[in-house]
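To start, the structure under review is shown below, and the notes come after it.
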Amino acid sequence: MAPAARTYLLSALDTMERHALVRGEVDWPKLRRDALGRAEGASGPAGTHEAIERTFRGLGDGHSAFLTPEEAARAENETPDEQVHPQVQRLPKGLGHLTLPPIRSDTAAGPCLRAARAAVREVDRAGACGWVVDLRTNTGGDMWTPLAAAGPLLGDGEVGAFVEADGTRTPWTIESGTPRQ
């Protein structure tokens with residue numbers, strides 16, 4: 001393996017080991033051997049991408065992923081029109097239904113939040129007696145925009161938390177419909 005490829009791969013593995021949600025459950029020496037074996041013969045950093053992707057998938061934590069530089073650039077440059085828009089509807093018996101899409105770019109956050117909040121207000125004014133918040137299509141990205149969209153429905157107080165692998169907990173709260181950390 002070329003030195004630049006090895007350095008790139010080892011840097012990725014070091015980052016995974018420091019930050020993986022499941023880092024305490026991983027056999028890191030074996031994971032490193034396997035990744036180095038998969039990248040054997042790589043002539044540059046790009047030659048290690050498949051090994052890094054397979055390693056991330058192997059963690060199985062549901063929160064880690066690898067994007068090539070090209071994939072990261074595409075994701076960063078998505079326009080709001082490429083995003084799935086929030087959907088709000090009134091269900092039978094007065095329930096509101098809010099579907100929150102993934103937000104993958106800063107340019108999509110504002111329009112998505114405004115659209116979701118306006119639609120929620122409209123269904124609320126029509127007499128919604130409760131809400132279903134549907135996250136099935138939300139595969140990740142910015143969590144704060146969808147949380148802000150649902151904020152008025154959640155009420156004030158603690159609504160969740162980040163929990164580090166060591167158990168450290170950082171709560172998220174809602175105050176007047178706005179998320180806070």
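The values are calculated or read from the model by the stated rules, or taken from the named source; none is laboratory data. Note that the coordinates shown come from a computational prediction; the quantities given were computed from them, not determined experimentally. Methodologically, a virtual Cβ is constructed for each residue, glycine included, from the backbone with ideal geometry; neighbour enumeration extends over all protein chains shown.
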| Residues of the stretch 141-166 classified as assigned to a loop (DSSP other than H, G, I, E, B) and over 16 Å from Leu98 (Cα atoms), total | 6
| task | Take the residues in the stretch 2-30 that are crowded, with 17+ Cβ neighbours inside 10 Å and at pLDDT 95 or above, then tell me which one is farthest from the chain's Cα centre (by Cα). | result | Ala5
| Residue identified as without any contact (Cβ under 8 Å) to a residue 24 or more places away in the chain and either under 28 Å from Ala20 (Cα atoms) or touching a helix residue (DSSP H, G or I) at 6+ places or on another chain (Cβ under 7 Å) (or both) among Thr168, Thr137 | Thr168
| note | Selection from the stretch 163-173 of residues out of contact with any Phe, Trp or Tyr (no Cβ under 6 Å at 6 or more places or on another chain) and either surrounded by fewer than 11 Cβ atoms within 10 Å (Cβ to Cβ) or modelled with pLDDT under 90 (or both) yields Val163, Glu164, Ala165, Asp166, Gly167, Thr168, Arg169
| query | If we keep just the residues of the stretch 45-88 that are part of a loop (DSSP other than H, G, I, E, B) and in contact with a Phe, Trp or Tyr (Cβ under 8 Å, 6 or more places away or on another chain), which is modelled with the lowest pLDDT? | reply | Ser64
| query | Using beta carbons and a limit of 6 Å, which pairs, at least six apart or on different chains, have the first residue in the stretch 7-26 and of a type in the set (Phe, Trp, Tyr) and the second one part of a helix (DSSP H, G or I)? | reply | Tyr8/Pro45; Tyr8/Thr48
| task | Please work out if Thr139 is among the hydroxyl-bearing types (Ser, Thr, Tyr) and either modelled with pLDDT of 90 or more or surrounded by 13 or more Cβ atoms within 10 Å (Cβ to Cβ) (or both). | result | no
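Matching residues to (1) of a type outside the set (Val, Ile, Thr); (2) out of contact with any Cys (no Cβ under 7 Å at 6 or more places or on another chain); (3) more than 25 Å from Arg104 (Cβ to Cβ):
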position: Ala116; (1), (2), (3): yes, yes, no
position: Gly130; (1), (2), (3): yes, yes, yes
position: Leu147; (1), (2), (3): yes, yes, no
position: Pro152; (1), (2), (3): yes, yes, no
position: Gly155; (1), (2), (3): yes, yes, yes
position: Glu164; (1), (2), (3): yes, yes, no
position: Thr170; (1), (2), (3): no, yes, no
position: Ile174; (1), (2), (3): no, yes, no
position: Thr178; (1), (2), (3): no, yes, no
